[in-house]
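Worksheet: one structure, shown below.
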Amino acid sequence: MSGLADARRIVVKVGSALLVDDKSGAADRAWLAAFAVDVARLKARGQQVLVVSSGAVALGRRRLGLSRRAHDLPQKQAAAAAGQSLLMHAWEEALAPHQIVAAQVLLTRDDTETRRRWLNARATVETLLGLGVVPVVNENDTVVTEEIRYGDNDRLAARVAQMIGADLLVLLSDVDGLYTADPRRDPSARHVPVVAELSAEIDAMAGGANAEGGVGTGGMATKLMAARIASAAGCATLVTLGGRTAPLGAVEAGARATLFKASLTPAAAYKAWIAGSLAPQGALVVDAGADAALRAGKSLLPAGVRQVEGRFGKGDAVIVRDEAGREIARGLTRYDAADAERIKGMKSSGIEAVLGYTEGPTLIHADDLALARG
């Protein structure tokens, strides 16, 4: 049981150790070509695939003639700048024979943790996936500083999976899953095929980073951290050996892997987060028609809003109340308070004429709205 066949939306993290040939320092085109077959098979089944890819720094070091010991931040950023085009060219070259378009998406931690930027990033990725594109995501190492960076793409991949409501996060590793101890040091270590709950006992099984792993930086401990982030978002995590040819196909054929289950669906986890984890910054009072529409699963349109309260920004959580003062729902608004005030009561078709721009026809989209209980 891998979860690959049932997932609607899949995020796959590919590390530098897989993508960059250790001897030549160039992209491993044979591995990429085989992995592209995996991606094409998933897409042919109607599944959406996003790749979180390391490799820009490693490829850039070779292009600039820097040694692997060049670890200071300016040199890393220079290498990332020089290597990012090589990385995207490698992905485009691998996916093109399958008529799959790759699109570069560079993120920083702020893009997945600041709500306004999170909404913008999510909208871009959602649009790309809807167009049948495979987004290739990487941390924007050319501008990020040590204080605000992820540090490894396992956690970045988990945050991206959280952001887009993925069903499955696949972490391609240098081992074929979780073991009761580090199998490189303990030959009696047993493989764990399924983890139902991320307990302290499971955490104790994780060893440190693989010091012999070439250009990569992650280890099982970071993969458990990523699995915990994903699980909280309702996303299962699959850890498996990435060095195989066509590693996803190998798992579907029965190769070893570890599946970390999620207790909620992505949609349910997201709604719970909106309902219980965010401090509301304001409120929208709606009429009876909007009340009925929200309870029926519809989005909140400006036409149904009677009053705007508070000083909130785009992406902030707000309470939605009826005219008697009862809380109907909580949600993330797509317009700030000042603009919401200007468009309240209006038809959505008039938003752009009034504001000079549009963030879409809804004040709160149904996907970003959690109904109150009762």
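Points worth noting:
- Between Gln281 and Ala317, Val318, Ile319, the built amide H atoms are under 5 Å apart, and every one of these is 5 or more places off in sequence or on another chain.
- At R0 = 41 Å, FRET efficiency that the Cβ-Cβ distance of Ser67 and Val37 yields, to 0.05: 0.75
- Assigned charges on the beta-carbon of Lys, Arg, Asp, Glu; segment 1-107 dipole about Cα centre (debye): 140 debye
- Among Asp154, Asp174, Asp72, residue whose mean-square fluctuation peaks in a GNM of the chain (springs only between Cα atoms under 10 Å): Asp72
- At the residue level, Asp28 shows approximately 50 square angstrom of accessible surface with a 1.4 angstrom probe and all protein chains present.
- Against the chain, whose longest principal axis is taken from its Cα atoms, helix 153-164 shows a tilt of about 30°.
- C-alpha long axis of helix 266-276 to longest principal axis of the chain, angle in °: 50 degrees
- The Cβ shell under 13 Å around Arg334 holds other residues with a net charge of -2, Lys and Arg each +1, Asp and Glu each -1.
- Counting only protein heavy atoms and a 1.4 Å probe, the chain has 44 square angstrom of accessible area per residue.
- Accessible area (Å², 1.4 Å probe, nearest 10) - Met88: 10 Å²
- Average Cα contact separation per residue, the chain, under 8 Å, 6 or more apart, as relative contact order %: 15 percent
- Accessible area of Ser24 in the full protein assembly, 1.4 Å probe (Å², nearest 10): 60 Å²
- Multiplying the residue separation of Asp6 and Ala196 by 0.36 nm and removing their Cα-Cα distance gives an extension gain of 66.7 nm.
- Summarising the label geometry, the points placed 7 Å from Cα in the beta-carbon direction at Thr180 and Arg373 lie 4.0 nm from one another.
- Each of Arg117 and Arg306 was given a label point 7 Å from its Cα along the Cα-to-Cβ line. The distance between the two points is 3.9 nm.
- The chain - convex hull of alpha carbons, volume per residue in Å³: 154 Å³
- Note on Leu264 and Ser85: their simple-model spin labels are 4.4 nm apart, each label 7 Å out from Cα toward Cβ.
- Taking only protein heavy atoms and a 1.4 Å probe, the accessible area of the chain is 51% carbon and sulfur.
The values are calculated or read from the model by the stated rules, or taken from the named source; none is laboratory data. Everything numeric here is computed off the predicted structure, so don't read it as measured data. Note that each Cβ is placed from the backbone with ideal geometry, even for glycine, and that neighbours are counted across all protein chains shown. These accessible areas exclude ligands, DNA and RNA; they are computed on the full protein's heavy atoms, side chains included. Shrake-Rupley method; radii C 1.70, N 1.55, O 1.52, S 1.80 Å.
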